Each structure stands twice: as C-alpha cells, then as structure tokens.
1. Look through the stretch A:53-68, keep the residues that are over 19 Å from A:Ile26 (Cβ atoms) and more than 14 Å from chain B (Cβ to nearest Cβ), and return whichever of them is surrounded by the fewest Cβ atoms within 10 Å (Cβ to Cβ).
2. Looking at B:Leu46 and the list (1) closer than 24 Å to A:Thr47 by Cβ; (2) assigned to a strand (DSSP E or B); (3) away from every other protein chain (no Cβ under 14 Å); (4) not aromatic (Phe, Trp, Tyr), which single condition is not satisfied?
3. For A:Gln50, which of the numbered conditions (1) more than 13 Å from chain B (Cβ to nearest Cβ); (2) farther than 30 Å from B:Arg103 by Cα; (3) open to solvent by 40 Å² or more (accessible area, probe 1.4 Å) fails to hold?
4. Can you name every residue in the stretch A:78-113 that is farther than 17 Å from A:Gln37 by Cβ, assigned to a strand (DSSP E or B) and either open to solvent by 40 Å² or more (accessible area, probe 1.4 Å) or within 8 Å of chain B (Cβ to nearest Cβ) (or both)?
5. Going by the structure shown, is A:Lys71 within 11 Å of chain B (Cβ to nearest Cβ), among the basic types (Lys, Arg) and open to solvent by 30 Å² or more (accessible area, probe 1.4 Å)?
6. Would you tally the residues in the stretch A:19-47 being under 14 Å from A:Asp86 (Cα atoms), part of a loop (DSSP other than H, G, I, E, B) and β-branched (Val, Ile, Thr)?
7. Select from the stretch A:24-47 the residues that are touching a Lys or Arg at 6+ places or on another chain (Cβ under 6 Å) and within 18 Å of B:Gln6 (Cβ to Cβ) and write down the one among them that is farthest from the other protein chains (Cβ to nearest Cβ).
8. Anything in the stretch A:29-45 that is surrounded by 15 or more Cβ atoms within 10 Å (Cβ to Cβ), in contact (Cβ under 8 Å) with a residue 40 or more places away in the chain and out of contact with any Cys (no Cβ under 9 Å at 6 or more places or on another chain)? List them, or say none.
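The values are calculated or read from the model by the stated rules, or taken from the named source; none is laboratory data. Please read these numbers as outputs of a predicted model, since none were measured by experiment. Backbone-built Cβ (ideal geometry, glycine too); neighbour counts: all protein chains shown. Accessible surface is based on the protein model in full, side chains and every heavy atom, while ligands, DNA and RNA are left aside. Shrake-Rupley method; radii C 1.70, N 1.55, O 1.52, S 1.80 Å.
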Amino acid sequence: DTGVSQDPRHKITKRGQNVTFRCDPISEHNRLYWYRQTLGQGPEFLTYFQNEAQLEKSRLLSDRFSAERPKGSFSTLEIQRTEQGDSAMYLCASSSRGPEEQYFGPGTRLTVT
Amino acid sequence: AQRVTQPEKLLSVFKGAPVELKCNYSYSGSPELFWYVQYSRQRLQLLLRHISRESIKGFTADLNKGETSFHLKKPFAQEEDSAMYYCALRPGTYKYIFGTGTRLKVLA
C-alpha cells in the first residue's frame with residue numbers, strides 16, 4: 001500500500017467552472033477527512049466520513065462544495081462555480097478505527113484564474 | 001471558540017541547542033492534542049499525541065491544562081529536525097483544528 005493518494009495533484013481552472021477531486025484512502029481505513037490549506041495557514045477541516053456516512057461538515061463547506069464517499073472507499077470533493085478564493089491545497093487524510101493517527105495524502109493544488 | 005495558537009511563524013536555532021515550539025489552545029472540555037510535522041517535499045505526518053506520552057525523535061510534549069498549552073520540546077536540535085510543525089486539537093468531535101504552524105530551522 002502506497003498510502004493515501006489524491007488525483008489530480010494540480011488543477012488550474014477558470015472562475016465559474018466546476019472541479020472534482022478524488023481521494024483514495026489506505027484500504028483498511030474507514031475514516032476519511034477533507035481539509036483545505038491556504039498559504040501561511042494550517043489545514044482547515046472541511047468534512048469527515050466514517051465508512052460512507054458523512055458525519056461532520058464544517059460551516060466552511062458552502063453550498064458550492066459537496067463531498068461523497070459512495071461505497072465507503074474512495075471519496076470525491078466537488079466545487080461548483082469556482083471562485084478565486086477557492087484557490088488552495090485540498091488535503092485528504094484517512095485513519096483506522098484504532099488510535100486516531102491521520103495519514104495524509106499529497107494534496108491537490110487548485111488554482112482558480 | 002475552539003482555537004489553536006502557534007505564536008511563532010519561524011523559529012531558528014543552532015544545532016545542539018534546545019528547542020521549544022509553543023502551542024496554546026482554547027477549549028473548555030478535555031482536549032486531545034497532537035503535533036504534526038511536514039518535512040520538505042513530504043506529506044504531513046503525525047509526530048506525537050498527548051495521550052501516549054511518548055518521545056518521538058527526541059521530541060516530547062506535555063499537556064498543561066492550567067495554562068492550556070501543549071508545547072513541543074527537544075533538548076538538542078538536529079539539522080534533520082528542520083520542518084514545518086503544526087499543533088492540532090481534537091475538541092471531542094470528529095474534526096481537528098490545526099494551528100497556523102511554526103517553521104523550525106536548525107542552523108549548522
């Protein structure tokens with residue numbers, strides 16, 4: 001297992017377009033997190049899944065953001081009608097039922113022009 | 001409000017000198033606290049958690065509930081400790097709250 005993977009690694013899009021990111025967690029991990037990180041800041045929690053259930057969602061996750069984890073394995077994060085303020089690194093992390101050590105992916109860097 | 005504060009953006013120390021990276025939190029309940037580290041061109045990874053009271057790579061951190069602090073310490077810094085360090089709080093829910101991070105530079 002090579003750890004958590006994210007695709008794409010970089011995405012440049014024009015304002016108003018929709019984008020979708022994918023996260024593949026470590027295979028036996030049932031917990032999955034999405035974060036957003038902007039320059040000079042720490043990761044900001046967006047949402048949490050336990051298996052396929054989305055159990056917590058940040059207020060930061062506006063109506064334009066939606067996340068799914070349909071079969072409790074990979075997850076997608078979609079941003080509709082992107083804005084320049086959405087430019088950031090989007091991080092995914094997963095953990096198992098045991099001690100809460102999150103394993104982070106490499107991130108997807110989004111640039112909205 | 002639940003918050004994690006790391007007051008130093010950058011901390012430079014000489015090799016062999018002691019290191020203390022500060023972390024203060026704001027949370028009224030019983031917190032779970034973590035330190036994460038990101039080395040150059042690597043992923044964010046867990047360094048240590050307060051409940052395990054362990055020493056990893058010579059680093060320790062003690063939870064001080066009176067001062068609401070969880071400072072990270074190492075008696076003798078090494079060049080390979082140069083990295084970005086984030087303190088994180090899990091306030092009894094599923095989410096984590098990260099601080100803004102401190103960049104540690106260990107000078108030869």
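1. Of everything passing the filter in the stretch A:53-68, A:Asp63 is surrounded by the fewest Cβ atoms within 10 Å (Cβ to Cβ).
2. Checking B:Leu46 against (1) closer than 24 Å to A:Thr47 by Cβ; (2) assigned to a strand (DSSP E or B); (3) away from every other protein chain (no Cβ under 14 Å); (4) not aromatic (Phe, Trp, Tyr), the one that fails is (3).
3. (1)
4. A:Glu78
5. Considered against the rule, which asks whether it is within 11 Å of chain B (Cβ to nearest Cβ), among the basic types (Lys, Arg) and open to solvent by 30 Å² or more (accessible area, probe 1.4 Å), A:Lys71 comes out as no.
6. 1
7. Checking each candidate, the answer is A:Glu44.
8. The answer is A:His29, A:Asn30, A:Arg31, A:Arg36, A:Gln37, A:Pro43.
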